[in-house]
Amino acid sequence: MSLALKALKKSPWVFHVNTGACNNCDIEILDALTPRFDVERFGIVLVGSIRHADVLLISGPVTRNVLPRLKRLYEQAPKPIKVIVVGACGCRCGIFRDGYNIIGPVDKYIPVDAYVPGCPPKPETIIAGVVKVLGTL
Amino acid sequence: MVKKIPIGPFHPILEEPEFFELHVDGEKVVDIDITIGWSHRGIELLSESKTWDQVPFLVERVCGICSASHPYAYVLAVEDLLQVEVSKRAQYIRAIVAELERLHSHLLWTGLAGHFIGYNTVFMWCWKYREPVLDILEAVTGNRNHYATYRVGGVRRDVPQEEIPNIRKMLDELWKKNDMLTNAILDDPVIHARTKGVGVLGWDKCREYGALGPTARAGGYDVDARRDHQTDAYAELDWDVVLCQNGDVFDKAVVRQLENFEAIKIIRQCVDKLEAMGPGTEEDLVLEIGEIPPGEGLGVYEAPRGEVFHYVRSNGGNMPMRHKIRAPSFNNILTNEYSVLNYAVADAGLITAAVDPCYSCTERVGRVDTRTGERWVMSEGDLIKLSQEKTEMIRRSLRGK
Ligand code: SF4
């Protein structure tokens with residue numbers, strides 16, 4: 001295991017992107033950080049810049065406007081980065097699949113490591129997803 | 001010298017992308033450009049390919065926080081088309097779910113506002129107190145968010161009688177916590193210094209921009225769709241519309257805090273009525289709706305952020321022929337154009353957040369010097385930090401006195 005991966009596993013820093021979600025998934029992600037679930041206990045912190053991130057949480061189907069930004073974000077991310085898609089929308093576009101401005105699920109554009117299904121997934125599920133990804137390292 | 005600060009379109013702490021460009025002269029904001037449309041998903045068109053009964057599931061996904069208000073306005077629109085009135089029981093259940101949503105939405109906003117000015121304790125507290133509300137929603141509707149409760153002609157499921165004592169207990173506790181929070185906001189000199197007289201949107205400007213919801217009511221502009229349109233059960237319940245006068249960020253916070261008390265009052269009354277009715281049958285919950293005849297209908301409901309408006313037209317088929325949605329944030333976000341002017345950059349984040357837009361922004365903030373084209377990039381964290389530092393400064397100077 002490289003040093004970078006080892007460090008990543010200890011205290012994963014998370015950056016979160018909304019690619020056109022209904023924002024419920026995003027609220028549940030935030031919820032995981034607040035007192036009831038409090039993942040900060042384990043060193044999981046939401047960071048303000050992609051350049052600090054170890055894990056990229058993505059929610060929402062990809063809309064036409066957001067795609068260039070999403071690609072740029074992924075390019076800017078320090079590698080190795082783990083990408084986790086949260087919610088039915090990000091996994092398979094969910095209810096918005098037939099929308100004219102929706103150009104496909106996240107994994108069509110960037111590599112994805114884990115999918116957390118649900119609409120929205122409960123915070124427990126999101127945490128379980130992150131933990132599973134860390135377990136594979 | 002005017003510089004531009006783009007904020008957006010991604011924001012690390014929440015929700016949908018949105019893009020602001022602040023034009024600043026030194027510390028002062030002199031102009032703002034607003035670009036929206038990042039999460040455009042084409043819901044109106046999608047809705048025209050769903051059956052009348054499927055549309056509520058779609059419209060509750062317009063916005064994760066207003067996931068009771070949108071279907072509520074939609075079913076009101078279809079019922080307006082049909083000219084039917086739903087049963088009393090259904091009306092109470094609708095009001096309960098909608099008001100629970102208002103509670104969790106307002107708490108969420110207060111928490112985020114606290115985060116913006118560097119009071120992370122407020123953020124954590126509010127989100128902690130919000131959890132019991134979500135628990136009740138889960139017990140009543142089956143999901144923490146996206147309730148799938150509304151249905152043309154009524155509601156999908158009853159509030160279980162055995163949940164009623166839990167709801168009461170939760171409300172009693174929340175009342176105390178909300179009281180504590182409200183007093184904390186009213187008493188704290190630092191919060192006063194940071195929010196009073198900041199981002200003022202007076203009555204005339206509210207009217208000019210068509211502001212809605214708490215944003216408007218903080219400025220004394222008296223609109224509330226629940227009262228103005230006599231929505232369902234609200235006409236017979238005892239509650240008040242909260243109004244303030246100054247229209248600054250402080251008043252916007254106060255309006256929301258006080259509305260929490262009103263929401264609790266409404267839920268208590270509805271729960272009492274439901275308990276008196278006892279458990280209901282399927283017929284009590286939903287009317288038998290057959291064909292939807294050609295025609296058009298309007299539905300208006302007061303979401304936590306303001307008035308949600310839905311219009312549907314039918315040609316007699318099993319899908320809407322046209323479905324138009326207007327959400328309150330559309331009006332409210334544009335008020336930022338006026339309300340951030342002449343305030344400091346450190347206040348801009350707070351002011352734009354104060355309308356509680358389904359708001360979200362930046363992965364970075366870049367400054368552009370328009371003369372030299374010089375550009376430097378700050379993270380969005382820096383913007384929040386700027387705001388938090390200002391609070392710290394005020395706190396220190398107040399302590400010095
Ligand atoms: S999966 Fe559901 S909750 Fe999440 S963004 Fe999509 S519609 Fe919203």
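Set side by side, the residues B:GLU131, B:GLU99 differ, and just one is in contact (Cβ under 8 Å) with a residue 12 or more places away in the chain and acidic (Asp, Glu), which is B:GLU99.
Are any residues in region A:11-28 out of contact with any Pro (no Cβ under 8 Å at 6 or more places or on another chain), in a loop (DSSP other than H, G, I, E, B) and either open to solvent by less than 10 Å² (accessible area, probe 1.4 Å) or near the ligand (Cβ under 7 Å from one of its atoms) (or both), and if so, which ones?
At the first step, the residues of region A:11-28 found to be out of contact with any Pro (no Cβ under 8 Å at 6 or more places or on another chain) are A:11-14, A:17, A:22-23, A:26.
Subset that is in a loop (DSSP other than H, G, I, E, B): A:11-12, A:22-23.
Listed by number, the residues that qualify are A:PRO12, A:CYS22, A:ASN23.
Looking only at region A:115-133, residues that are open to solvent by less than 30 Å² (accessible area, probe 1.4 Å), more than 11 Å from every other protein chain (Cβ to nearest Cβ) and within 15 Å of the ligand (Cβ to nearest atom) come to 3 in all. Just need a number here: residues in region B:199-226 that are open to solvent by less than 10 Å² (accessible area, probe 1.4 Å) and either in contact with a Lys or Arg (Cβ under 8 Å, 6 or more places away or on another chain) or in a loop (DSSP other than H, G, I, E, B) (or both). Count: 9. When the residues of region B:47-58 are filtered to those that are open to solvent by 10 Å² or more (accessible area, probe 1.4 Å) and either assigned to a helix (DSSP H, G or I) or within 8 Å of another protein chain (Cβ to nearest Cβ) (or both), the one that is farthest from the ligand (Cβ to nearest atom) is B:SER49. Residues in region A:30-82 that are farther than 30 Å from B:CYS126 by Cα, at the interface with another protein chain (Cβ under 8 Å from one of its Cβ atoms) and assigned to a helix (DSSP H, G or I): A:ARG69, A:LEU73.
Which ones in region B:240-265 are more than 29 Å from B:ALA344 (Cβ to Cβ) and either surrounded by 22 or more Cβ atoms within 10 Å (Cβ to Cβ) or basic (Lys, Arg) (or both)? Reasoning before the result, please.
Here is the first cut: in region B:240-265, the ones more than 29 Å from B:ALA344 (Cβ to Cβ) are B:240-241, B:260-265.
B:ASN260, B:ALA263, B:LYS265 - these are the residues of region B:240-265 that are more than 29 Å from B:ALA344 (Cβ to Cβ) and either surrounded by 22 or more Cβ atoms within 10 Å (Cβ to Cβ) or basic (Lys, Arg) (or both).
So for region B:270-287 (the condition being over 11 Å from B:ARG89 (Cβ atoms) and open to solvent by less than 30 Å² (accessible area, probe 1.4 Å)), does at least one residue qualify? Within region B:270-287, one or more residues are over 11 Å from B:ARG89 (Cβ atoms) and open to solvent by less than 30 Å² (accessible area, probe 1.4 Å). Remark: pairs (first residue in region B:59-79, within 12 Å of B:VAL97 (Cβ to Cβ) and within 14 Å of another protein chain (Cβ to nearest Cβ); second residue of a type in the set (D, E, K, R) and within 12 Å of the ligand (Cβ to nearest atom); Cβ separation under 8 Å; 6+ apart in sequence or on different chains) = B:SER67/B:GLU60; B:SER67/B:ARG61; B:ALA68/B:GLU60; B:PRO71/B:GLU60. You will find that of B:ARG326, B:ARG305, B:ARG256, B:ARG268, the residue that is of a type in the set (Lys, Arg), closer than 28 Å to B:THR182 by Cα and at pLDDT below 90 is B:ARG305 and no other.
The values are calculated or read from the model by the stated rules, or taken from the named source; none is laboratory data. Keep in mind it's a predicted model, so treat the numbers as computed, not measured. Please note: Cβ atoms are built from the backbone with ideal geometry, for glycine as well, and neighbour counts cover all protein chains shown. In case anyone asks, the SASA skips ligands and DNA or RNA and just uses the protein heavy atoms, side chains included. Shrake-Rupley method; radii C 1.70, N 1.55, O 1.52, S 1.80 Å.
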